[in-house]
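Step one of this worksheet: look at the structure below.
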Amino acid sequence: MRYLKCTTHSNNHDLGKLYIWLIVSVFCRVNDGRLSYTPRSIFVNYSEHSALVVRFIKQGQTVMDKVGKALGKFMEQRAGRNSLATFFLLGLVSCGGSTSGDEKNEPVNQAPVFTSDALFSRTDGVLETGYKAVATDNDGDQVTYSISGGSDALDFTIDGANGALSFVVKPEFVNPHDENNDNVYELEITATDTKQLSAKLTVEITIEGSQAIVTIPVVVHVLYLENTDHVTNISEEKILSQFDVLNQDFRKKNLDLNKVPAEFQDAIADTGIEFKLATIDPNGAQTTGITRTLDKTGGLFSDGKYYTAQGGHDAWPTNKYLNIWVYDSSDRNGNAAIYGTGQLPGGDPLTDGVTVDYRAFGTIEPLISSSQGHLGRTATHEIGHWLNLLHIGAGDSCDKDDGVSDTPNTSSHFSSHPVHPRASCGSNDMFMNFMATSVNDSEIVMFTQGQKQRIFAAFAQDESRSQLFNSNVSN
Ligand code: ZN
Ligand code: CA
């Protein structure tokens with residue numbers, strides 16, 4: 001069976017028009033055509049033109065009534081092989097000349113078409129996703145929905161009639177059960193019409209935490225030296241200035257977000273994480289969240305800072321507190337040798353935290369004279385590591401990836417003050433990310449949505465971080 005779209009003529013006594021009409025009608029194959037016919041039957045019946053006409057009427061249910069007389073006259077005058085051969089030849093030459101007209105239609109079934117979104121997000125804790133698959137069917141057929149695939153297909157059920165999608169088990173943001181534990185659930189939905197034609201749509205359901213803000217209790221261990229007017233024994237005011245920076249940077253409240261180029265604006269994330277000095281110490285007593293220790297570790301590169309017995313200060317339980325050691329990393333010339341370090345999740349619990357040179361901590365003097373570390377972004381960056389973020393660029397290879405999709409791969413070595421646009425690895429570099437390296441404090445201003453997802457995946461998977469997520473040692 002072929003399908004044609006036909007043009008009709010109200011007056012087809014003219015044989016030239018008839019030719020064209022027949023050619024168009026019989027030979028043109030048009031995908032969205034209307035008139036159906038079986039080519040062979042036309043020619044089999046050519047000598048019985050009245051039967052031919054009848055057959056046309058039956059099959060096409062259109063237009064032939066208007067040209068039936070002309071066709072009959074034509075067949076009387078030119079019955080025979082020659083005229084049919086002419087039909088055939090002209091038909092081949094003219095194929096494709098269909099136009100719309102006042103045809104009546106026999107619908108050709110078409111598959112449903114999805115109109116619902118492929119991406120959807122909602123907060124955790126309820127079975128109903130709130131997502132509804134919607135597909136329209138041009139033929140007016142009823143459409144039914146089913147789950148046909150995807151890595152997280154088994155986590156869902158769908159209402160076949162109305163497309164409403166539900167979880168089998170309530171999703172928990174801090175304990176995702178999608179295949180790669182990133183809170184993005186992937187499935188494929190199929191919409192099928194009554195004639196079994198179908199369309200497929202891959203859908204990603206992103207689960208967000210219903211607990212909007214996560215507060216991390218922090219203990220700051222100040223390791224000071226006896227020299228130089230005790231400047232290394234930094235003030236509480238200076239410590240609090242660091243918390244102001246953290247709570248702006250992680251909450252998308254920093255005032256320099258206008259430095260993000262337009263192409264990256266949509267990626268900026270409010271991570272929903274805040275930091276607060278602990279108010280309860282490991283023994284259950286009230287605390288300022290600050291310890292002060294005369295530093296006797298005796299060496300820039302010593303790990304002694306992590307241990308009381310080696311002249312530093314032991315970590316408070318790292319499953320309940322973020323430990324920050326603030327110390328003097330001076331080299332022989334008295335300059336800060338290491339602005340900061342951050343330990344990724346999964347490491348030694350006794351050293352699990354970040355270290356920051358006292359001159360790179362907070363925004364109050366004493367500060368590093370260089371513009372690179374004077375705005376408190378060293379701690380933002382190091383805590384980013386502690387929350388499982390990697391540098392956005394390996395600095396050498398496009399193959400190395402930070403495991404975050406919305407931070408473009410980069411091979412650039414950044415200077416302290418890069419200028420947008422800077423391209424590497426086929427895209428512009430996001431050097432204004434907090435996890436860029438070597439860039440001035442004043443030029444790094446954002447985390448991304450993908451980094452936020454990676455942070456929360458770490459909260460879920462890493463045991464010590466997941467306990468921190470619910471730690472209650474600050475109020
Ligand atoms: Zn780093
Ligand atoms: Ca990336």
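The values are calculated or read from the model by the stated rules, or taken from the named source; none is laboratory data. Note that this is a predicted model, so its numbers are computed, not measured. Virtual Cβ from ideal backbone geometry, glycine too; neighbours counted across all protein chains shown.
A few comments on the model shown:
- Single match in Gly298, Gly403 (criterion: in contact with a helix residue (DSSP H, G or I) (Cβ under 8 Å, 6 or more places away or on another chain) and within 16 Å of ligand 2 (Cβ to nearest atom)): Gly403
- Residue within region 318-334 that is assigned to a loop (DSSP other than H, G, I, E, B), in the same structural domain as Phe459 (by TED's automatic domain parsing) and touching a helix residue (DSSP H, G or I) at 6+ places or on another chain (Cβ under 6 Å) present: yes
- In region 282-298, the residues that are surrounded by 11 or more Cβ atoms within 10 Å (Cβ to Cβ) and either among the basic types (Lys, Arg) or outside any strand (DSSP E or B) (or both): Pro282, Thr287, Thr288, Gly289, Arg292, Asp295, Lys296, Thr297
- Members of region 410-428 found to be touching a Gly at 6+ places or on another chain (Cβ under 7 Å) and within 12 Å of ligand 2 (Cβ to nearest atom), listed by number: Thr410
- Scope region 371-403; condition within 14 Å of ligand 1 (Cβ to nearest atom) and either touching a Cys at 6+ places or on another chain (Cβ under 8 Å) or in a helix (DSSP H, G or I) (or both); matching residues: Gln372, Gly373, Arg377, Thr378, Ala379, Thr380, His381, Glu382, Ile383, Gly384, His385, Trp386
- Complete set of residues in region 127-161 that are hydroxyl-bearing (Ser, Thr, Tyr), under 21 Å from Val113 (Cα atoms) and under 21 Å from the mean Cα position of the chain (by Cα): Tyr131
- Of residues in region 406-447 being touching a residue at least 60 places away in the same chain (Cβ under 8 Å) and assigned to a strand (DSSP E or B), the one farthest from ligand 1 (Cβ to nearest atom): Asn428
- For Ile392, the test of being under 29 Å from Tyr327 (Cβ atoms), within 14 Å of ligand 2 (Cβ to nearest atom) and assigned by TED's automatic domain parsing to the domain that holds Asn333 is passed.
- Region 233-246 residues that are under 15 Å from Val219 (Cβ atoms), paired with ones that are part of a helix (DSSP H, G or I) (beta carbon under 7 Å, 6 or more apart): Gln242/Ala379; Leu246/Ala379; Leu246/Thr380; Leu246/Ile383
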